[in-house]
Structure formats: C-alpha cells, structure tokens
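As structure tokens, the structure follows; a few thoughts come after it.
The values are calculated or read from the model by the stated rules, or taken from the named source; none is laboratory data. These numbers were taken from a predicted model, which means no experiment stands behind them. Neighbour counts run over all protein chains shown; Cβ positions are idealised from the backbone, glycine included. Quick note on the areas: whole protein, heavy atoms, side chains included, nothing else; ligands and nucleic acids left out. Shrake-Rupley method; radii C 1.70, N 1.55, O 1.52, S 1.80 Å.
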Amino acid sequence: DAGITQSPRHKVTETGTPVTLRCHQTENHRYMYWYRQDPGHGLRLIHYSYGVKDTDKGEVSDGYSVSRSKTEDFLLTLESATSSQTSVYFCAISAGQLYNEQFFGPGTRLTVL
Amino acid sequence: AQSVSQHNHHVILSEAASLELGCNYSYGGTVNLFWYVQYPGQHLQLLLKYFSGDPLVKGIKGFEAEFIKSKFSFNLRKPSVQWSDTAEYFCAVKGNDMRFGAGTRLTVKP
C-alpha cells in the first residue's frame, strides 16, 4: 500500500459540467500520475507531475488539466466533461529503484451522461 | 513510438492448467518491464518486475516471467492456475515513459 487515496470514488455528472478528481498521498512521493483505463486500451497516461507546480502532458491530455500545489495532492480537472471522458481514473506514484515502479490508487469511476 | 502488445484478449482455463500470457514491446533502448494484476473491482497491483540481471524473474503468487531481449518479449507464466487467479493482467514497459498493454482477461473455471 503506497498510501494513495482518491476522491470521489464514484461520480456521475452531465456533459458540459466541470469535474475535479483528487489524488492524495501520505508518503511524500515526488512523482505522481493520472491514468484513464478503458476496455481495449489498458491504461493511458493523461498527465504527470515531477514536483510541486511541475507537471507535464501524457499521451491523452486533451480536455484535461492538472494542478499540484502541495506534494501530497494531485488534482485532475475536466473543464467541460464529455461522454468520451467516461472512464475509470487511476492515480499512481513512482517509488522503488530509480522511481521506475508505479503504485496505484483505488480508482475513480466517472460517468458523464 | 514506444508500444506494448498483449496477444490474448481473453483466456479461459480450468484450474490446474498452465498459463502463458504473451507480451511484446517496441522500443530500441533499455527498458524496465512489469506485469500488473487487477482483480475485479480493485486497483492494479504489481505482480513482478524486471530491471536487469537474470531474465527469468519470479513474482508473487507463483507467477514468473521471462525477458527475451532478442524477441522484445516478456511473457508471464504460471505452472498451475487457481480460481483466485481470475483477473485482468497488464504488461507495462518503461522506456522513455511507462506504457501499458491493453490487458488480458483471465478466467479460471473451478
């Protein structure tokens, strides 16, 4: 257990509304990641952070923004949710040898109607 | 660009059968390799990893994987599966960044 929590765990929202997902970690990990998981695609990286206020885009960043104002919190925002953003969202941290191992949070299931 | 391919979308086995799940990747440089397991309704958990050294790595719950550099492969094996191994299995490769395969769903019939 890497001390990662995500909130909310489930959310249903409507198209066009803003949504913010929170990832919280308690072990002072530097690197944090947001992935989305969709059938047939595995996990795809949305954004990642390598420190406070240091973030970068991943493979599928369009329509998403992130913020990291504190080491322990990494927020993912959908500015205007669309049905294509219905997915399960996982937060992860890097730890272990050369920070090459990733450990995942419990996930947030988001449904956009 | 880096990519990961898992050959089997869904595998169905009876208990005590042997398992081999395929994983191939494309990347020209040094890689770290991982297998993750996701039990129904849960998050991904690390099953095993390869960084360097012996290409045959052993993980938790009796799983092992072999890195064959010449084939760009990292196949997962288990000699005798149990009903509790029913889950989705993801291969992941870290080169420049971490990429995941699409996953293989394993169903073990009791």
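Of all the numbered requirements in (1) surrounded by 13 or more Cβ atoms within 10 Å (Cβ to Cβ); (2) within 26 Å of A:Phe90 (Cβ to Cβ), B:Ala17 misses one, and that requirement is (2).
Table: residues versus (1) within 14 Å of chain A (Cβ to nearest Cβ); (2) surrounded by 13 or more Cβ atoms within 10 Å (Cβ to Cβ).
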{"site": "B:Lys58", "(1), (2)": "no, no"}
{"site": "B:Gly62", "(1), (2)": "no, yes"}
{"site": "B:Glu66", "(1), (2)": "no, yes"}
{"site": "B:Pro79", "(1), (2)": "no, no"}
{"site": "B:Ser84", "(1), (2)": "no, no"}
{"site": "B:Thr104", "(1), (2)": "yes, yes"}
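A single member of A:Glu27, A:Glu59 is at pLDDT below 95, charged (D, E, K, R) and touching a Gly at 6+ places or on another chain (Cβ under 9 Å), and it is A:Glu27.
Report yes if B:Leu56 is of a type in the set (A, V, I, L, M, F, W, C) and without any contact (Cβ under 8 Å) to a residue 12 or more places away in the chain, otherwise no. Yes: the conditions hold for B:Leu56. The numbered conditions (1) within 12 Å of chain B (Cβ to nearest Cβ); (2) free of Cβ contacts under 8 Å to residues at least 24 places away in the same chain are all true for A:Ser69 except (1). Selection within the stretch B:27-53: residues that are more than 13 Å from chain A (Cβ to nearest Cβ) and open to solvent by 50 Å² or more (accessible area, probe 1.4 Å). The member of this set that is nearest to A:Gly40 (Cα to Cα) is B:Tyr27.
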